[in-house]
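Student: Questions regarding the structure given below will be posed in turn.
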Amino acid sequence: MELLRVASLSLSYKTRKGPLKAVNNVSFSIKKGETLALVGESGSGKTSTATAILRIVPRNVHEFKGIIELEGVNLMKLSEDELRRNIRWKKISMVFQGAMEALNPLMKVGDQIAEPLIIHQGYHKEEAMERVKELLRMVGLPEYVAERYPHELSGGMKQRAVISMALALQPIIVILDEPTSALDVITQANLMNLLKELKWKLGISYIFITHDLPLASELADKVAVMYAGRIVEIGPAEQIYLDPKHPYTKKLIFSVPALRMERAPMFIPGEPPNLINPPPGCPFSPRCDEKIEICEKEVPTLKEIDPEHMVACWLY
Amino acid sequence: MVVLGDEDMPGDNENIILEVKDLKMWFPVRKGLLSKPEYVKAVNNVSFSIKKGETLALVGESGSGKTTLGKTVLRLYEPSEGSIIFDGKDISHLTEKELRWFRKRAQMIYQDPYESLNPYYKVYDILDEVLISNGITDKEERSERILSVLDRVGLTPPSEYIKKYPHMLSGGQRQRVAIARAIILNPDFIVADEPVSMLDASIRAQILYLLREFRESYGITLLYITHDLATTKYFSDRIAVMYAGRLIEVGKTREILGNPFHPYTQALIEAVPDPDPQNRLKLRGTPPGEPPNLINPPPGCPFNPRCPKKLDICEKEVPELIEVSPGRKVACHLYRT
């Protein structure tokens, strides 16, 4: 059975210039232990999709609709209170982009990890500190880190501490929003190693948000490529990386210089469209060199071309 | 043992545009009023040279000193020790007035196009300011040069962009304006500090191709500062790897990427994923830990606490950057002859 099923999810924001469609009719599903990478450029709707799943949307929401089903329960039907008590952080947690810079500088790291355990779970202080040590070990940090302040830790250590917080209540899905974006390459590689080990050991599912396709391949069993608020292609990692179908996916994969493969990076001319007044038809059509007449008129929907591999493109 | 000297064959000196010798850029930090000053050794004993028309990639992690090195060779800082020789002239300690000729010939492109452009200036005025402050008084000439440079960086038609403010442009367009500003005086040398790291993947290659085109058609020499090894493969001739303020390996791009000598360079390459679905099935063999702090780096080789191949001597002596094959240098005790 699917662990998480998202269907026809749409989220738009009110702006002075009119509604901005950040997430447009997005559907995907994740099985237990499976990692989905949400890949796309900035403004493509990756983070909005994640915050919609946790329903931590900003105040200027214009429209928010669709189905978000976790283990068969439609989260959209739950009250804010039910969601907070039973789902958020307990079933689905999130490592926000830049979270390591949002640690409280005046509070010891251990106390910050323990705080939600004490407040929301009713742990006693000592019990909580035991759990903190366990969590620190789990993310490869020595116990003394609990007694340190954030500024005494390196970037890699802070990010591990943030991940331990997301794991504190044993969630089944962890959303990772660009979890390594401010880290150096070797630190990033070590952190990806940790995330892999946690995935293998605990059987958690990740929703891994990144603009970096090579990095996504470190975790992704399945990849969804987003463009202008829509999923334009989704499928098993093997198919997306080795046999991409959508012209945008192809270009995106070939626009990254590869270190071990011989191919000069291509580039995509132009820039992503404005989400308030998107072009008619396929949002990628103004930049697409394979476009046909219909592309400028009608938005293509996702079609299954291989088992579990879907593409939204008029060429298929 | 060949101690570091000139990068190139003897007699090839006229082709060298920039030569840096034993450069140190140390910043004093005081912990208390009466305590002895300590130093952040951001650039420590660095020597290298760049040939005319060449692109040298300066690769390193954050805090390795690569940005400081770039700014020091542009004389945005005055070096603590050592010398910077640009086109045969020692510019290490010239005053701002004496540097005026150099400022026209050497330019910088910054990492963040959101912060490096004045938000209150229109694109036209951003570029006009550079021309005015360099003594170009003829208004028509300035206007011509501004329109032509915008055309060269691909902001076409230029008339559409001159009236825009930076916030009306996308990241890629802003970086094109920053590049236009850097090339409008026809410089010989540009330091590009992570010019694409803030841009989206689909835009990055566009900007790098643009920089490469300037190198090819105008012979501009480029110091390309980056943490992204994969881009160096296509956009640089040589690589210099920096760690904790020191250069630890220098050589031709293909040679370094294909056969890295220094254990740190090896680790850097190992850490970079290619878009390959097999990646998720295996762990990477990267060393633990993070780079040392630059106030009190470990004794000996700065990489020794993380090095999987360290010897006794590595904890005691700083290895010198020595030539191990023509044009290839490495600072590692494993390669002592």
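The values are calculated or read from the model by the stated rules, or taken from the named source; none is laboratory data. Everything numeric here is computed off the predicted structure, so don't read it as measured data. Methodologically, a virtual Cβ is constructed for each residue, glycine included, from the backbone with ideal geometry; neighbour enumeration extends over all protein chains shown.
Student: Please work out which one of (1) farther than 25 Å from A:Val256 by Cα; (2) surrounded by fewer than 18 Cβ atoms within 10 Å (Cβ to Cβ) is the condition B:Cys332 fails and give its number.
Tutor: (2)
Student: Could you tell me which residue of region B:250-264 is nearest to B:Lys24 (Cα to Cα), considering only residues that are in contact (Cβ under 8 Å) with a residue 60 or more places away in the chain and more than 12 Å from chain A (Cβ to nearest Cβ)?
Tutor: My answer is B:Val250.
Student: Shifting gears a bit: Could you go through region B:230-249 and let me know if any residue there is within 14 Å of chain A (Cβ to nearest Cβ), surrounded by fewer than 15 Cβ atoms within 10 Å (Cβ to Cβ) and within 19 Å of the chain's Cα centre (by Cα).
Tutor: Within region B:230-249 (the criterion being within 14 Å of chain A (Cβ to nearest Cβ), surrounded by fewer than 15 Cβ atoms within 10 Å (Cβ to Cβ) and within 19 Å of the chain's Cα centre (by Cα)), the answer is no, since none of the residues qualifies.
Student: Could you run through region B:192-213 and say how many residues are under 22 Å from B:Leu74 (Cα atoms) and of a type in the set (S, T, N, Q)?
Tutor: Adding up the residues that qualify gives 1.
Student: With the requirement that a residue be small (Gly, Ala, Ser) and within 19 Å of B:Lys329 (Cα to Cα), what does region B:38-64 give you?
Tutor: Those that are small (Gly, Ala, Ser) and within 19 Å of B:Lys329 (Cα to Cα): B:Ser47, B:Ser49, B:Ala57, B:Gly60, B:Ser64.
Student: Sticking with this one: Just to be sure I understand the filter: pairs with C-beta atoms under 8 Å, separated by 6 or more residues or on different chains, first member in region A:176-194 and under 22 Å from A:Lys46 (Cβ atoms) and more than 8 Å from every other protein chain (Cβ to nearest Cβ), second member of a type in the set (Asp, Glu) and surrounded by fewer than 22 Cβ atoms within 10 Å (Cβ to Cβ). Which pairs pass?
Tutor: Within 8 Å, the pairs are A:Ala182/A:Glu101.
Student: Report, by residue number, each residue of region A:148-177 that is surrounded by 19 or more Cβ atoms within 10 Å (Cβ to Cβ) and of a type in the set (D, E, K, R).
Tutor: Correct list: A:Lys158, A:Arg160, A:Asp177.
Student: Of B:Asn259, B:Asn279, which residue is among the polar types (S, T, N, Q) and within 30 Å of A:Pro236 (Cβ to Cβ)?
Tutor: Answer to the check: B:Asn279.
Student: Follow-up question, since we're still on this one. With the condition being among the polar types (S, T, N, Q) and under 15 Å from the mean Cα position of the chain (by Cα), I'd like the strands (runs of 3 or more DSSP E) fully within region A:1-98 carrying at least 2 qualifying residues.
Tutor: A:20-31
Student: For B:Ala205, state whether it is more than 14 Å from every other protein chain (Cβ to nearest Cβ) and either among the small types (Gly, Ala, Ser) or in a strand (DSSP E or B) (or both).
Tutor: Spelling it out, it is not the case that B:Ala205 is more than 14 Å from every other protein chain (Cβ to nearest Cβ) and either among the small types (Gly, Ala, Ser) or in a strand (DSSP E or B) (or both).
Student: Does at least one position in region B:23-43 carry a residue that is at pLDDT 90 or above, hydroxyl-bearing (Ser, Thr, Tyr) and out of contact with any helix residue (DSSP H, G or I) (no Cβ under 9 Å at 6 or more places or on another chain)?
Tutor: Looking through region B:23-43, at least one residue is at pLDDT 90 or above, hydroxyl-bearing (Ser, Thr, Tyr) and out of contact with any helix residue (DSSP H, G or I) (no Cβ under 9 Å at 6 or more places or on another chain).
Student: Those residues that are under 25 Å from the mean Cα position of the chain (by Cα) and within 9 Å of chain A (Cβ to nearest Cβ), I need them from region B:265-286; list them, please.
Tutor: Of everything in region B:265-286, those that are under 25 Å from the mean Cα position of the chain (by Cα) and within 9 Å of chain A (Cβ to nearest Cβ) turn out to be B:Ala267, B:Leu268, B:Ile269, B:Glu270, B:Ala271, B:Val272, B:Pro273, B:Asp274, B:Thr286.
Student: Is there any pair linking a residue in region A:22-44 that is within 10 Å of chain B (Cβ to nearest Cβ) and closer than 14 Å to A:Leu4 by Cβ to one that is hydroxyl-bearing (Ser, Thr, Tyr) and crowded, with 18+ Cβ neighbours inside 10 Å, with Cβ under 8 Å and at least six apart or on different chains, and which?
Tutor: Listed pairs, sorted by first residue: A:Thr35/A:Ser205; A:Thr35/A:Tyr206.
Student: Another question about this same structure. For region B:212-220, does any single residue satisfy the condition of being touching a residue at least 40 places away in the same chain (Cβ under 8 Å), surrounded by fewer than 19 Cβ atoms within 10 Å (Cβ to Cβ), within 13 Å of chain A (Cβ to nearest Cβ) and within 21 Å of the chain's Cα centre (by Cα)?
Tutor: yes
Student: Further, regarding this structure: I'd like the full set of residues that are closer than 20 Å to B:Ile203 by Cβ and surrounded by fewer than 17 Cβ atoms within 10 Å (Cβ to Cβ), limited to region B:147-156.
Tutor: The answer is B:Asp151, B:Thr156.
Student: Right, here's the next one. In region A:67-82, is there at least one residue being among the basic types (Lys, Arg) and farther than 30 Å from A:Leu213 by Cβ?
Tutor: Yes; the residues of region A:67-82 include at least one that is among the basic types (Lys, Arg) and farther than 30 Å from A:Leu213 by Cβ.
Student: For the condition modelled with pLDDT under 90 and out of contact with any Gly (no Cβ under 6 Å at 6 or more places or on another chain), what is the one hit in B:Gly63, B:Gly88?
Tutor: Being modelled with pLDDT under 90 and out of contact with any Gly (no Cβ under 6 Å at 6 or more places or on another chain) holds for just one of B:Gly63, B:Gly88, which is B:Gly63.
Student: Could you tell me how many of the residues in region B:149-170 are under 18 Å from B:Ala182 (Cβ atoms), not in a loop (DSSP other than H, G, I, E, B) and not aliphatic (A, V, I, L, M)?
Tutor: 5
Student: What pairs come out if I take residues in region A:151-162 that are outside any helix (DSSP H, G or I) and pair them with residues that are of a type outside the set (Lys, Arg) whose C-beta lies under 8 Å away, six or more apart or interchain?
Tutor: Every condition considered, the pairs that remain are A:Leu153/A:Val109; A:Leu153/A:Val145; A:Leu153/A:Ala161; A:Ser154/A:Thr187; A:Ser154/B:Glu290.
Student: Quick one: A:Ile253 ticks every box in (1) of a type outside the set (Ser, Thr, Tyr); (2) touching a strand residue (DSSP E or B) at 6+ places or on another chain (Cβ under 8 Å); (3) touching a residue at least 24 places away in the same chain (Cβ under 8 Å); (4) assigned by TED's automatic domain parsing to the domain that holds A:Leu9 bar one, so which box is it?
Tutor: (2)
Student: All but one of (1) under 21 Å from B:Ser62 (Cβ atoms); (2) surrounded by fewer than 17 Cβ atoms within 10 Å (Cβ to Cβ); (3) within 14 Å of another protein chain (Cβ to nearest Cβ); (4) not small (Gly, Ala, Ser) hold for A:Pro142, so report the exception by its number.
Tutor: (1)
Student: Is it true that A:Ile173 is in contact (Cβ under 8 Å) with a residue 60 or more places away in the chain, more than 14 Å from A:Met100 (Cα to Cα), within 19 Å of the chain's Cα centre (by Cα) and away from every other protein chain (no Cβ under 14 Å)?
Tutor: yes
Student: Free of Cβ contacts under 8 Å to residues at least 24 places away in the same chain, away from chain B (no Cβ under 14 Å), outside any strand (DSSP E or B) and out of contact with any strand residue (DSSP E or B) (no Cβ under 7 Å at 6 or more places or on another chain): is that true of A:Ile113 in this structure?
Tutor: No, not satisfied.
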